[in-house]
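The block underneath contains the structure these notes are about, expressed in structure tokens.
The values are calculated or read from the model by the stated rules, or taken from the named source; none is laboratory data. The structure displayed is predicted, hence computed values, not measured ones. Note that we place each Cβ from the backbone using ideal geometry, even for glycine, and neighbour counts take in every protein chain shown. SASA here: full protein model, heavy atoms, side chains in, ligands and nucleic acids out. Shrake-Rupley method; radii C 1.70, N 1.55, O 1.52, S 1.80 Å.
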Amino acid sequence: MRPALYPGQLDRYSRHIIMDDVGPAGQAALLDTDVLVVGAGGLGSPVLQYIAAAGIGRLGIVDDDTVERSNLQRQVIHRDGDVGRPKVESAREFITDLNPDVTVDTHEMRLAADNVTELVAGYDIVVDASDNFATRFLVNDACTLAGIPFSHGAVFRFEGQVTTFTGDCPCYRCLFPKAPPPGTVPDCSTAGVLGVLPGTIGCLQATDVLKLAMGYGETLAGRLLAFDAGAMTVDEVPVAPNPDCPVCGPDPEIEHVEAATYEGRCSLTD
Ligand SMILES: [Zn+2]
């Protein structure tokens with residue numbers, strides 16, 4: 001039995017509560033959900049802002065970076081005065097100023113094979129808001145092995161993609177079995193990204209987080225949306241289970257994240 005909402009919460013979340021499909025029970029479910037966001041950069045900013053505003057009760061933030069001025073064109077949770085501060089600190093300050101209902105756990109560290117299993121273990125949902133393949137595979141493998149649903153988003157120049165994995169099969173490795181060699185795929189710091197694009201993709205990720213928390217509607221499980229901001233088009237690509245998947249296939253190569261190899265050491269949130 002979840003605790004009743006108190007008067008200040010009835011006011012704050014009134015536009016949720018008046019919807020039949022959310023109501024007090026849906027809002028209580030949001031307040032009772034723990035979400036880990038990996039990366040407090042371009043994608044992580046809108047994800048954190050909107051799910052904090054919506055009343056997700058506990059947010060974990062993983063990032064080992066400090067705010068740079070070149071981040072501010074798109075990483076809207078940080079401000080000019082935050083340049084040089086750890087991103088987890090400026091993100092936490094934004095969230096606690098916005099919504100005192102939210103408990104924030106900061107993890108100022110790089111996600112790695114020896115800490116990812118422990119990090120994701122305490123959360124109901126994980127959001128991959130990172131910018132590099134090593135982290136995407138780490139999040140995928142740890143969440144899939146633990147059965148934790150997670151959202152994947154990525155942005156590049158004018159293109160973005162977003163999908164949701166439910167913690168079973170298919171998983172991200174069903175789409176991309178192996179990471180490309182380090183340095184062969186440019187990231188935002190070398191290729192650039194339209195400033196608003198992480199906002200578009202991050203808001204779609206936040207949408208699926210809220211729906212997963214409430215158990216409402218259809219998520220992006222089993223399909224990937226590919227958004228082209230230049231042409232203003234969205235393509236939907238089916239994501240099918242791969243019987244040879246090294247994580248969720250019937251004969252998995254990876255049964256413990258600690259034993260797998262992850263390459264590509266670029267920043268989480270460049
Ligand atoms: Zn898989």
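Among the residues of region 64-94, those that are among the charged types (D, E, K, R) and either on the phi > 0 side of the Ramachandran plot or open to solvent by 50 Å² or more (accessible area, probe 1.4 Å) (or both) comprise ASP64, GLU68, ARG69, ARG79, ASP80, ARG85, GLU89, ARG92, GLU93. Yes or no: ASP208 over 16 Å from SER130 (Cα atoms) and surrounded by fewer than 15 Cβ atoms within 10 Å (Cβ to Cβ)? No, not satisfied. Of all residues in region 219-270, those that are assigned to a loop (DSSP other than H, G, I, E, B), away from the ligand (no atom under 14 Å from the Cβ), in contact with a helix residue (DSSP H, G or I) (Cβ under 8 Å, 6 or more places away or on another chain) and modelled with pLDDT of 95 or more total 3. For region 176-193, how many residues meet the condition of being within 16 Å of the ligand (Cβ to nearest atom) and in contact with a helix residue (DSSP H, G or I) (Cβ under 9 Å, 6 or more places away or on another chain)? Total satisfying the criteria: 3. Set side by side, the residues VAL126, VAL139 differ, and just one is closer than 20 Å to ASP64 by Cα and in contact with a Cys (Cβ under 9 Å, 6 or more places away or on another chain), which is VAL126. Out of ASP82, ASP131, ASP63, which single residue is at pLDDT below 95, touching a helix residue (DSSP H, G or I) at 6+ places or on another chain (Cβ under 9 Å) and within 16 Å of ALA40 (Cα to Cα)? Exactly one of ASP82, ASP131, ASP63 is at pLDDT below 95, touching a helix residue (DSSP H, G or I) at 6+ places or on another chain (Cβ under 9 Å) and within 16 Å of ALA40 (Cα to Cα), namely ASP131.
Would you check if LEU194 is surrounded by 12 or more Cβ atoms within 10 Å (Cβ to Cβ) and in contact with a Phe, Trp or Tyr (Cβ under 6 Å, 6 or more places away or on another chain)? So LEU194 fits the description; yes.
Scan region 19-62 for residues that are part of a strand (DSSP E or B), touching a residue at least 60 places away in the same chain (Cβ under 8 Å) and open to solvent by less than 10 Å² (accessible area, probe 1.4 Å) and the total you get is 6.
Residues considered: GLY122, GLY195, GLY160. Of these, the only one that is at pLDDT below 95 and within 23 Å of ALA52 (Cβ to Cβ) is GLY122. Of the helices (runs of 4 or more DSSP H) lying entirely inside region 94-175, the ones with 2 or more residues being under 23 Å from TYR216 (Cα atoms) and within 16 Å of the ligand (Cβ to nearest atom) are found at 133-146.
Does region 194-204 include one or more residues that are within 16 Å of the ligand (Cβ to nearest atom), closer than 16 Å to GLY222 by Cβ, out of contact with any helix residue (DSSP H, G or I) (no Cβ under 8 Å at 6 or more places or on another chain) and not aromatic (Phe, Trp, Tyr)? No, every residue in region 194-204 fails to be within 16 Å of the ligand (Cβ to nearest atom), closer than 16 Å to GLY222 by Cβ, out of contact with any helix residue (DSSP H, G or I) (no Cβ under 8 Å at 6 or more places or on another chain) and not aromatic (Phe, Trp, Tyr).
Close contacts from region 126-148, counting a first residue that is open to solvent by less than 10 Å² (accessible area, probe 1.4 Å) and a second that is in a helix (DSSP H, G or I) and among the small types (Gly, Ala, Ser), with Cβ to Cβ under 7 Å and a gap of 6+ residues or different chains, come to ALA129/GLY44; ALA129/GLY202.
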